[in-house]
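All of the numbers you see were taken from the coordinates with simple rules; none came from a lab. Keep in mind the model is a prediction, meaning the values are calculated, not measured. A quick note on method: Cβ atoms are made from the backbone with ideal geometry, for glycine too, and the neighbour counts reach across all protein chains shown.
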Amino acid sequence: MSEQVEFRNVSFRYQEDAPRVLKDVDFSIDRGEWVAIIGHNGSGKSTIAKLMNGLLFAESGEVRVSGEVIGEENVWDVRKQVGMVFQNPDNQFVGTTVRDDVAFGMENRGIPREDMLRKVPESLKAVQMEAYEEHEPHRLSGGQKQRVAIAGVLAVAPDYMILDEATAMLDPKGRQEILETVRNVQQESDLTLITITHDLNEIVAADRVIVMNEGEVWFEGTPREVFSHKEALSRIGLDVPFVAKLTEELRSQGVHVKEEPLNHEEMVEELWNLRSKM
Amino acid sequence: MELTFKDVNYIYSPGTPFEYRALENFSMHVPSGSFAAVIGHTGSGKSTLIQHINGLLQPTEGTVQVGGFVIEAGKKNKHLRDLREKTGIVFQYPEHQLFEETVEKDIAFGPKNFGVEEAEIEQRVADALEAVQLSEEMKDKSPFDLSGGQMRRVAIAGVLAMKPEVLVLDEPTAGLDPRGQKEMMEMFYRLHEQEGLTTVLVTHSMEDALTYADSVVIMNEGKKFMEGEPLEVFKQKEQLRDVQLDVPEVLAFLEKVENRLGVAIDYRKQSLAELAKDLTSELGRGDGHE
């Protein structure tokens, strides 16, 4: 029973006469795994996220979380397990101060006050927003809002965390820091992490990648496997990391790069090994 | 239209516990028709800066000059309406500001508000749709039936329909997929060239700044930290890292190549193919078997 999120032949459309945005989608995600879901805009990624915590229900097929099919009767229990951060945190703020906002999710789950008093500053510190406890969420910058929204989810320590483009407004450094924070939490607490993203660093860091295209699962594999399909990815509107592009250029010039380097360090090692053979 | 900030200070909520200085002695100059990028980490003052360009914010101290318009601290500004007609700002996620029943009405809203004549408006809507590469048939659709990327293009068309001379872009590609990002930036660059716009791009993407901008300003804690030609600025790696910014990926990679392999390759915006060639020829110097 290690499969924690399961999509079994899931189809979905927003209106009866509209085309299907998900077609027969089938995959599973294990406990403690970090899976990145990528794909062009409109490929169905966010719909998948919304099906995972019962904001939407499948038209056909089954969505299971922790073994249970999500339906009207258990949706509130599912939402307690699945923490979700959207791209635009404005739609998610409820509190008048950052502190209230972070506390809101815990309050809803009936977490005792003494725990809340401890966890609010802890979570804000994790996203480097501890200096903003008294601030009004609406006055923060886009990136700061995203940090607070993530703190709100960290505070409730869910079993599953879905980040839907949740760091898109952060600068690259901030994004990296938040990812490290989330990854540490994931490894310490057996959190299952699902990130929906276009950020190449985020994709490279994941354990596994699901590539969506026009509502279908187009490919599933490790980041290395995914990025070895540069041509095909670019046909469906996606990009590959700088080192993957450089690898291809080197190969087209007759340099025999053996592995598929994924980051700078691996690429530099390849060059080091190739050096005497050039 | 040229754009000049002179010793601008801006303080939010002065005299309250929330008092916060978002801009400090900030000066910059963007010549007419040039393309400037503004980079800085979250909360460095970029958004405050751009809200000064069309007078949404008035400096607490100092002067902002946009073409012939001057916005000064402490003075009542009479010509804001004219200024706003000339400066188009594309805010983050501009599609959230769409509200009309049809694409056409939404694009026409700005010009109508500024008293542009009907026939002229019709022409402008058609031109703006073409500029953002949306087809004519789109104009009768509800903007809310479009995809995210199309909605953003409609919002941008609404800004373009005002025929601005200064175009300010606040992270215009956030949330788009990689192809969408590239197409959008190329669209802005084409407009910049064709219309002779003065363009200010706020971005986190060092790569975009390097590709499109004539100059770059690096912001840190409300102050100007660095300024200059993008490639020259980005080569100052240590300084950038001091303010929590990364250097463009290609420069970071070449630095690692130099540290590990002792081979220094000069980056001069060469293509990836040329870079691969530089690498092979540099690394191939040696015993040369095979």
Report summary line: For the range B:225-290 (alpha-carbon point model, no solvent) the Debye-based log₁₀ I(q)/I(0) at q = 0.11, 0.12, 0.29 Å⁻¹ works out to -0.32, -0.37, -1.33
Query raised in the report: In a solvent-free Debye calculation with one equal scatterer on each Cα, what is log10 I(q)/I(0) for the protein assembly as shown at q = 0.06, 0.07, 0.09, 0.13 Å⁻¹, listed in the order of the q values?
Result: -0.33, -0.46, -0.77, -1.50
**Report entry** Cβ-based net charge around B:PHE5, under 13 Å, with every Lys or Arg adding one and every Asp or Glu removing one
**Finding:** -2
Report summary line: Counting only DSSP beta bridges with both partners in chain B, the antiparallel fraction in percent, to the nearest 5, comes to 55 percent
Requested in this report: Please order A:VAL69, B:VAL103 by the number of other Cβ within 10 Å, starting at the fewest.
Outcome: A:VAL69, B:VAL103
**Report entry** Considering only the range A:3-240, percent of DSSP beta bridges that pair antiparallel, nearest 5
**Finding:** 50 percent
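Out of all DSSP beta bridges in the protein assembly as shown, what portion is antiparallel? Express it as a percent rounded to 5.
Of those bridges, close to 55 percent are antiparallel.
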Query raised in the report: Exposure proxy check: A:ASP26, B:ASP266, A:ASP164 ranked by fewest other beta carbons within 10 Å?
Result: B:ASP266, A:ASP26, A:ASP164
Report summary line: Other residues with Cβ under 12 Å from the Cβ of A:ARG147 give, with Lys and Arg +1 and Asp and Glu -1, a net charge of -1
Report summary line: The alpha-carbon pair-distance distribution computed for the range B:3-247, with 5 angstrom bins and whole-percent values, is 1, 6, 14, 17, 18, 16, 13, 9, 5, 1, 0, 0
Query raised in the report: Taking the range A:119-180 on its own, what percent of its Cα-Cα pair distances exceed 13 Å?
Result: 59 percent
Query raised in the report: What is the percent of Cα-Cα separations in the range A:3-240 that go past 29 Å?
Result: 27 percent
Report summary line: The Rg/Rh figure for the range A:163-204, Cα atoms and Kirkwood Rh, to two decimals is 0.95
Query raised in the report: Between A:ASN41 and residues 5 or more places away or on another chain, which pairs have amide H atoms under 5 Å apart, with H built 1.01 Å from N, and which residues are they?
Result: B:ASP177
Query raised in the report: Rounded to a whole number, what is D in µm²/s for the range A:35-136 from Stokes-Einstein with the Kirkwood radius over alpha-carbon pairs (25 °C, 0.890 mPa s)?
Result: 155 µm²/s
Query raised in the report: How well do other chains shield peptide A:189-198, expressed as the mean number of their Cβ atoms within 10 Å of each residue Cβ?
Result: 1
Query raised in the report: Which residue, B:PRO248, B:PRO31, B:PRO14, has the most motion in a Gaussian network model of chain B that connects Cα atoms within less than 10 Å?
Result: B:PRO14
Query raised in the report: Structure shown: which of A:LYS245/B:LYS269; B:LYS139/B:LYS163; B:LYS256/B:LYS277; A:LYS45/B:LYS105 lie over 21 Å apart, alpha-carbon to alpha-carbon?
Result: A:LYS45/B:LYS105
